[in-house]
Amino acid sequence: MKASQFFISTLKEAPADAEIVSHKLMMRAGLIKKLGSGLYNYMPMGLRTIRKVEAIIRDELNKAGAIELSMPVVQPAELWQETDRFSKMGDELLRFKDRHGRDFVIQPTAEEVITDIARQELRSYRQLPKNFYQIQTKFRDERRPRFGIMRGREFTMKDAYSFDRDVASAGQSYDNMFAAYGRIFDRLGLQYRAVAADTGAIGGDRSHEFQVIADTGEDAIVYCPSSDYAANIELAEGVPLIATRAAASMGFEKVATPGKSTCQDVAELLGLPLSQTVKSLVLATDETNEKGEITQSTVWLLLVRGDHELNEVKAGKLELADGSGLKSGFRFATENEIVTHFGCKPGYLGPAKMLKSVKVIADRTVANMADFVCGANEEGFHIQGVNWVRDLPEPDLIADIRNVVEGDPSPDGKGVLAIQRGIEVGHVFYLGTKYAKAMNATFLDVDGKPKHFEMGCFGIGVTRILGAAIEQQHDERGIIWPDAIAPFTVVICPVGYDRSEDVKAAADQLYGALLAKGVDVILDDRGERPGAMFADWELIGAPHRVVMGDKGLKEGLAEYQGRRDAAATKVPVGDVLNHVLSALQIS
């Protein structure tokens with residue numbers, strides 16, 4: 001490709017609404033152009049990278065035995081109503097009616113459609129296992145689209161769905177996809193971690209996220225440097241930091257803490273470590289009738305140590321022995337509910353001296369604390385020297401409900417935890433029979449009886465990978481693409497191409513030789529000034545650059561510079577082809 005035949009549209013400054021590095025650089029490098037809120041045109045430069053990402057994904061999935069198909073972006077609501085996701089998924093699911101008044105959705109994912117295909121086409125165990133995938137447009141009506149393609153409304157995703165006859169074979173399909181994902185991200189040239197994760201709205205029992213490591217990532221990844229343990233912070237287990245509960249050594253005493261409504265302020269006032277305080281969080285669950293009207297609300301008090309934070313994902317999985325709990329959904333209690341049950345506004349709440357009985361859930365560490373400090377349920381006061389049994393009944397439930405922190409013991413007992421930031425670009429789920437049962441998707445098993453499919457689903461954010469790669473690899477000059485997904489792997493920058501026959505001849509010869517070797521090369525024949533030409537390609541992120549000019553050619557030299565190199569290397573013109581091929585690891 002020659003630059004004069006291509007479309008290059010770079011900007012010196014990023015638009016004012018571009019907030020993060022990847023958004024700014026993608027706009028400046030001309031990879032994307034904004035069409036509307038969360039909607040982007042993928043320009044030729046950006047589309048080249050997308051196609052390279054897709055090619056790697058497609059190659060590895062095909063090798064892993066997955067079969068490509070394509071499902072419509074627009075899906076009939078009837079399928080989503082079968083699984084009840086039409087009403088439960090929330091406003092991110094874009095719903096609309098056609099001219100006949102029939103309900104449809106624009107797909108954010110395709111579990112319903114693929115399950116419908118399976119129940120029609122996969123009738124016997126002899127047809128299993130099967131794994132279907134597509135690389136298709138998705139739409140999620142984000143409340144606040146931001147960060148460019150990182151949290152846009154329309155995007156491209158690879159979604160795959162496996163169908164198996166039993167749990168064991170479904171596990172094999174899961175492991176097969178997990179391994180394929182590792183090969184995909186290795187080939188993409190990205191630093192990543194596969195971490196255990198929560199299954200979220202899709203459901204299921206087994207789940208891993210593939211996170212691209214980046215300081216600007218939205219997700220916190222927890223791992224143990226001395227073992228294989230790794231998990232998203234939503235799932236990372238917080239082990240008890242106190243092995244056993246000590247005997248009480250202090251008296252139960254109400255102390256004045258005027259204006260001190262946080263654990264930090266109270267600890268400083270009383271001259272105690274923050275870890276001696278207990279934080280109270282008040283949640284509520286609602287029971288509704290058939291009309292969706294609230295008929296009854298239950299208030300819950302969750303306790304975490306003062307230096308810890310509540311993990312809402314963990315809280316949302318809690319269930320008591322009697323079947324009550326937060327599993328069916330919770331909200332933070334209103335101020336009126338708090339005053340009714342505790343007798344005061346937030347800031348001075350605690351498990352002692354409550355006006356009305358509430359369900360109490362204590363984190364594992366809190367359950368083993370002694371002589372702790374908590375709110376007195378009276379404005380301007382706290383209680384110190386609080387102990388379980390002596391001053392409080394045992395909690396209704398003891399559970400892991402906190403976020404882990406750096407330095408916590410690793411749950412596998414092999415060291416301590418570290419935390420780094422990451423960007424989720426892939427997710428694998430074991431779904432079990434969740435969708436198959438909801439849609440009565442069955443096959444005839446060996447015994448001739450119908451059986452529900454065991455399913456898995458596996459997603460990769462194709463367009464999101466671009467943003468994640470840039471967040472991970474960039475500098476003050478622009479993008480630094482891995483070779484495998486750069487829009488162009490090599491750029492030839494001839495200085496004076498339009499003025500010097502020698503420069504033109506040397507550049508054309510190298511260009512032809514690289515093309516003959518199958519190298520994805522672009523020759524910048526636009527006649528730009530050297531500074532502007534170099535700035536464009538550093539911004540765009542071409543991994544390898546060769547510069548040729550009259551002065552160097554007279555000395556028999558060209559210049560090679562890798563995008564990460566601090567300076568160019570002078571190379572004899574006769575050796576430049578082999579030098580570039582060596583850098584590309586092409587023989």
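A short reminder: the numbers here are calculations on the coordinates, not readings from a lab. Note that the structure is a prediction, hence the values are computed from the model and not measured. No Cβ is skipped: glycine too gets one built from the backbone with ideal geometry, and neighbour counts run over all protein chains shown.
The order of GLU234, GLU293, GLU309, going from fewest to most other C-beta atoms within 10 Å of their C-beta, is GLU293, GLU309, GLU234.
Computed packing ranks the peptides 310-318, 108-116, 90-98 as 108-116, 310-318, 90-98, most packed first, by mean other Cβ atoms within 10 Å.
Taking GluC sites (Glu not before Pro) across the range 372-428, the ones in a DSSP loop with at most 14 further Cβ atoms lying within 10 angstrom of their Cβ are GLU406. Charges were assigned to the Cβ only: +1 to each Lys and Arg, -1 to each Asp and Glu. The resulting dipole of the chain about its Cα centre is roughly 980 debye. When LYS551, LYS504 are arranged by Cβ crowding within 10 Å, least crowded first, meaning fewest neighbours, the order is LYS551, LYS504. Counted by neighbouring Cβ atoms within 10 Å, the residues SER280, SER500, SER173, SER70 run from fewest to most as SER70, SER500, SER280, SER173. Think of the range 488-583 as a dipole: +1 on every Lys or Arg Cβ, -1 on every Asp or Glu Cβ, centred on the Cα centre; then among HIS544, GLY496, GLY531, HIS544 lies furthest on the positive end.
Can you tell me the dipole magnitude for the range 253-399 around its Cα centre, using point charges on the Cβ only (Lys, Arg +1; Asp, Glu -1), in Debye to the nearest 20?
That gives the range 253-399 a dipole magnitude of about 120 debye.
Spacing of the modelled spin labels on ASP475 and LYS88, each 7 Å from Cα toward Cβ, amounts to 5.1 nm. The spread of Cα positions in the chain, taken along each principal axis and listed from longest to shortest, comes to 93, 68, 49 Å.
Think of the range 1-160 as having a plus end and a minus end, set by charges on the Cβ of Lys, Arg, Asp and Glu; of LEU128, THR10, LEU79, THR10 sits farthest toward the positive end of this dipole.
Under unit Cβ charges (Lys, Arg +1; Asp, Glu -1), what dipole magnitude, rounded to 20 debye, does the range 524-571 have relative to its Cα centre?
I would put it at about 120 debye.
Positive end of the dipole of the range 253-399 (Cβ unit charges, origin at the Cα centre): among LEU320, PHE342, LEU270, the Cα lying farthest that way belongs to LEU270.
Per-residue ellipticity at 222 nm for the chain, helices alone: DSSP H runs ≥ 4 residues times -39500 (n - 2.57), over residue total, nearest 500 deg cm²/dmol? Calculated from helices alone, the mean residue ellipticity at 222 nm is -7500 deg cm²/dmol.
For the set LYS130/LYS158; LYS130/LYS434; LYS63/LYS314, the pairs lying more than 25 angstrom apart at their alpha carbons are LYS63/LYS314. Here the alpha carbons of the range 253-399 define both size measures, Rg and Dmax, at 15.2, 53 Å.
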